[in-house]
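The values are calculated or read from the model by the stated rules, or taken from the named source; none is laboratory data. Here the structure is a predicted model, which means the values were calculated and not measured. No Cβ is skipped: glycine too gets one built from the backbone with ideal geometry, and neighbour counts run over all protein chains shown. SASA here: full protein model, heavy atoms, side chains in, ligands and nucleic acids out. Shrake-Rupley method; radii C 1.70, N 1.55, O 1.52, S 1.80 Å.
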Amino acid sequence: MGGYRELFEASLADPASFWADAAAAVTWTREPQQVLDDTNPPFYRWFPDGELNTCANALDRHVEGGRAEQPALIYDSPVTGSQRTYTYRELLDETQRFAGALANLGVGKGDCVVIYMPMVPEAVIAMLACARLGAVHSVVFGGFAAHELAARIDDARPVVVVSASCGVEPTRTVDYKPMLDAALEIAEHDTATCVILQREQRPSELITGRDHDWRELMASEDTAPPHAPVPVAANDPLYVLYTSGTTGKPKGIVRDNGGHAVALLWSMRNIYDTEPGDVYWAASDVGWVVGHSYIVYGPLLLGATTVLYEGKPVGTPDAGAFWRVAAEHRVKVMFTAPTAIRAIKKEDPDGAALAQYDLSALRYLFQAGERLDPGTYHWASERLGIPVVDHWWQTETGWSIAANPMGLEVHEVKPGSATVPMPGYDVRILRPDGSRCDANEEGAICVRLPLPPGTLPTLWGDDDRYVAAYLSAFDGYYLTGDGGYLDEDGHLFVMGRTDDVINVAGHRLSTGSIEAVLATHPAVAECAVIGVADDVKGQVPRGLVVLKAGASADRLEDELVAAVRENIGAVASFKTVDVVAALPKTRSGKILRKTMRGIADGREEPVPSTIEDPGVLDKLKPILRA
Ligand code: COA
Ligand code: AMP
C-alpha cells in the first residue's frame, strides 16, 4: 500500500484525469466524453454527457456478472424477531417488479417519490425501484413526525408516497400511517397516491382510492410487471435528502446519478477496503445519508453484501446486539455513530459481551455522524483490537471529506482527528476575513471549488439558496458549517458546528425548527434552544423560554415537550425547558446561543463585547449550570 499523497495531489492538480480513471468502474449506457464542466461557476457538473442507470449498476450488472446467487442484502430485525436474506437475483426481481408497480401508478423519469419507512427491505427496494425508473426518491427518516414530513412533501412534491403501517421500536410500536395521513392533511401539495406496506405488528386502515397495499400490488404481474432500467443523464437527480439548516426550513440536498456512482465506488475500495463479496454493515438508518450511501448504494454498486439492521445497539435485547450481528453475518466492515458505541459502553463498560461472539471476520469499525471523542475511540479500539476509523462527512457531500483511507494508505491515528482530506477535497481552514489559518489555528472548515463527484450540485429547486447557504461566505469555497483545524502534519480536527445545527445521537437537527414549535405556545413570548453536552447522545436540545406578561408556567414544560414530540418527532429528544426572566442578546438583538451553550457545558465563556445587558447573562448562569 502507499500513495495517498501522490493521488491526493493528482486529484487537485488534474481532477478530470483523476475522476476519469475512477469512472471506469461504472457501467455507462453512454460513456462520458467530458469529465468536468466548469464553464458556469460556482455550478460544476461531473460527467455531463454520460448516461447510466444507478439501479442497473447496483443490481443487474452483478446478476449478469456472476453474483446472482450471492447475498445482496441481509435483513436482521431483533425487534420483530425476523431475518431474511435476498440474493442479488431476488433483490433485482423484487425491485424491477416494484418499479413496474410505481410506473403503473404514474411514476416516470424525473418524478419524485417520498419514502417514509422503517428499516425494512421494502425501503431499499423502493429506493432502487425509483432509481430504476429515473425517478427521484426522497426518504424521510421515520423518527420525524407529521409536520416535518409535511414540510418535506411540500418541497419535494411527490407523485407517490411509499410508507408502512408501523415501525417497531424496542419498547413500542410506532404508527407511521396516522402520521402520514396527518402530514398529507397539513401539506399543501396534493398527493393522490400512496403505497402502504402492511406490517403484521400493526396493520393500518387504507383509504380507498388513495392507498394501495404493497403486497397486493406485488402479488400480480398486472400490477407489478418487471420494468427495465431507464438510462438517465449523469447529472439527473437520483435523490433528494432533506437535512437541517440554520433556519427551520430543511434543505433538499440533491444527489446526481453519475458522480455519485463514481465517488461511492471509489470510496468502497479505497476508504473502506471493501471488495465485491465482502459483508459490509452500516448500522444507521435509510433516512440518513449514511444509510443512502453505505446501507444501499455503496455496497450494492460494488457487489458486496449489505446488512440492514432493524434494532438498536442496546435493548434489542442487550449491549451485545452489534457483536451478535457482526459475528452471525461474518461482517468485515462495520460503520456506526460514536453515540451507539457510547450507549454500549455505558451498559457494558468492560465489553464483556464481546467475548461471547466470534468476531474474527471483523476488520474495521468506521465511525461518523459526529466527532469521535478520544474516550470512545480508545474504548472501542482496545476492546476490538482492530482499526477504529473516524471519518468526517455530511449529507451535502454524500461521502467522506476526511478519512483514514484503509484501502489506500493507513495513516497514523491521532485520536480526535478525522485524519486527512480525501482526493478531490481541497480543505482549507479560513479566518473570518478569508485568509488561511496557520497550522493548529481553529477556523471555518471550507473546501475549494469544485467539490469532487458525488457531492451536492445544488438544492432541490433552489439554486439561490444553495449559493447563499454554502458558497457566499468565501468566494470560491464551499462552507462546511463545521469549525476545526489542520495540524502541522495536515491531520484535520473537526471540532463542531459553527451554526445552530445540533447533533443529537448522530441525528442532525436544527435548533431553529424546535424554537419555531416553542414559539407557537400561547404562554411563550420569546425562546431559545441550545444543544448541551450529553454523555451518550453527544448533544441534547434544551429550551429556555420567557413568558408573556401574566402567563402561567403551570404544566408548560410538559406541554412544550409534547409539542416538540408531536411536531418534530421523538427523535429530537427534547426533554428540558427552563422559564427565564430574559434571554441574553447583543445590542442588535441576536440571542447569544453560543455563549449560553458554553456556560451550560461548564466552560468559561468570554462575554461578547456587543452584549446588551451583561446582568441578564449573570442571572442565567446558575440556571444553565444546574
Ligand atoms: N421511527 C420512529 N421513532 C423513532 C425512530 C424511527 N425510525 N428512531 C428513533 N425513534 C424514537 C425512539 O423510539 C425514541 O422514542 P422515545 O423518546 O419514546 O424513547 C426517540 O425517537 C429517540 O430515539 P433515539 O435517538 O434512537 O434514542 P434512544 O434513547 O432510543 O437510543 C441510542 C439512543 C444512542 C442507542 C440511539 O440513538 C442510536 O442507536 N443512535 C445511533 C444513531 C445513528 O445511527 N445515526 C446515524 C448517523 S451514522
Ligand atoms: P449529517 O449531514 O447528518 O451527516 O451531519 C453532518 C454533520 O455531522 C457534520 O457537519 C458534522 O458537524 C457532524 N459530523 C459528522 N461526522 C463527523 C466526524 N467524523 N467528526 C466530527 N463531526 C462529524
With the condition kept exactly as written, say whether any residue in region 101-109 is surrounded by 19 or more Cβ atoms within 10 Å (Cβ to Cβ), out of contact with any Pro (no Cβ under 6 Å at 6 or more places or on another chain), closer than 20 Å to Gly258 by Cβ and among the basic types (Lys, Arg). no
When region 486-525 is examined, which residues are found to be over 26 Å from Ala340 (Cα atoms) and assigned to a strand (DSSP E or B)? Leu486, Val524, Ala525
Which one of these is in contact with a strand residue (DSSP E or B) (Cβ under 6 Å, 6 or more places away or on another chain) and either among the hydroxyl-bearing types (Ser, Thr, Tyr) or not in a strand (DSSP E or B) (or both): Leu180, Leu92, Leu128, Leu184? Leu180
Report yes if some residue within region 333-340 is at pLDDT 95 or above, of a type in the set (A, V, I, L, M, F, W, C), more than 13 Å from ligand 1 (Cβ to nearest atom) and assigned to a loop (DSSP other than H, G, I, E, B); otherwise report no. no
For the subset of region 487-507 comprising residues that are open to solvent by 40 Å² or more (accessible area, probe 1.4 Å) and more than 26 Å from Ile591 (Cα to Cα), which member is nearest to ligand 1 (Cβ to nearest atom)? Asp489
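Let's see how each residue does on (1) within 14 Å of ligand 2 (Cβ to nearest atom); (2) in contact (Cβ under 8 Å) with a residue 60 or more places away in the chain; (3) surrounded by fewer than 24 Cβ atoms within 10 Å (Cβ to Cβ):
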site	(1), (2), (3)
Tyr272	no, yes, no
Glu275	no, no, yes
Asp278	no, no, yes
Trp288	yes, yes, yes
Gly291	yes, yes, yes
Tyr294	yes, no, no
Thr305	no, yes, no
Glu310	no, yes, yes
Thr316	no, yes, yes
Within region 351-369, does at least one residue satisfy the condition of being under 19 Å from Ala403 (Cα atoms), in contact with a helix residue (DSSP H, G or I) (Cβ under 7 Å, 6 or more places away or on another chain) and open to solvent by 30 Å² or more (accessible area, probe 1.4 Å)? yes
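Okay, residues lined up against (1) at pLDDT 95 or above; (2) of a type in the set (S, T, N, Q); (3) assigned by TED's automatic domain parsing to the domain that holds Ala151; (4) closer than 21 Å to Lys621 by Cβ:
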position: Gly490; (1), (2), (3), (4): yes, no, no, no
position: Gly543; (1), (2), (3), (4): yes, no, no, yes
position: Val546; (1), (2), (3), (4): yes, no, no, yes
position: Val561; (1), (2), (3), (4): yes, no, no, no
position: Glu566; (1), (2), (3), (4): no, no, no, no
Could you list all residues from region 570-587 that are in a strand (DSSP E or B) and among the polar types (S, T, N, Q)? Thr576, Thr586
In region 380-407, how many residues are touching a helix residue (DSSP H, G or I) at 6+ places or on another chain (Cβ under 8 Å), without any contact (Cβ under 8 Å) to a residue 60 or more places away in the chain and within 15 Å of ligand 1 (Cβ to nearest atom)? 3
Could you list, in sequence order, all residues of region 190-237 that are of a type in the set (S, T, N, Q), touching a residue at least 24 places away in the same chain (Cβ under 8 Å) and more than 30 Å from Tyr44 (Cα to Cα)? Thr191, Thr193, Gln198, Gln201, Ser204, Thr223
Among (1) under 30 Å from Thr316 (Cβ atoms); (2) outside any loop (DSSP other than H, G, I, E, B), there is one condition Val79 misses while meeting the rest; what is its number? (2)
Only one of Arg84, Arg45 is among the basic types (Lys, Arg), surrounded by fewer than 20 Cβ atoms within 10 Å (Cβ to Cβ) and not in a loop (DSSP other than H, G, I, E, B), namely Arg84
Taking interchain pairs and intrachain pairs at least six residues apart, which have beta carbon atoms under 6 angstrom, with the first residue in region 6-26 and farther than 13 Å from Pro423 by Cα and the second open to solvent by 40 Å² or more (accessible area, probe 1.4 Å) and of a type in the set (Phe, Trp, Tyr)? none
Give the residues of region 547-569 that are within 16 Å of ligand 1 (Cβ to nearest atom), part of a helix (DSSP H, G or I), crowded, with 16+ Cβ neighbours inside 10 Å and not charged (D, E, K, R), sorted by residue number. Leu560, Val561, Ala563, Val564, Asn567
Go over the candidates Asp462, Asp475, Asp487, Asp499 one by one and state the one that is within 16 Å of Lys249 (Cβ to Cβ) and either of a type in the set (S, T, N, Q) or more than 10 Å from ligand 2 (Cβ to nearest atom) (or both). Asp462
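Quick grid of which residues meet (1) farther than 25 Å from Gly258 by Cα; (2) surrounded by fewer than 21 Cβ atoms within 10 Å (Cβ to Cβ):
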site: Ala126; (1), (2): no, no
site: Cys130; (1), (2): no, no
site: Val140; (1), (2): no, no
site: Pro158; (1), (2): no, no
site: Cys166; (1), (2): yes, no
site: Thr173; (1), (2): yes, yes
site: Glu185; (1), (2): yes, yes
Among the numbered criteria (1) in contact with a helix residue (DSSP H, G or I) (Cβ under 7 Å, 6 or more places away or on another chain); (2) open to solvent by less than 10 Å² (accessible area, probe 1.4 Å); (3) of a type outside the set (Phe, Trp, Tyr), which single criterion is violated by Asp426? (2)
For Pro374, indicate whether it is within 16 Å of ligand 2 (Cβ to nearest atom), out of contact with any Phe, Trp or Tyr (no Cβ under 7 Å at 6 or more places or on another chain), open to solvent by 30 Å² or more (accessible area, probe 1.4 Å) and farther than 17 Å from Val290 by Cβ. yes
Somewhere in region 466-481, is a residue over 20 Å from Arg431 (Cβ atoms), open to solvent by less than 40 Å² (accessible area, probe 1.4 Å) and over 23 Å from the mean Cα position of the chain (by Cα)? no
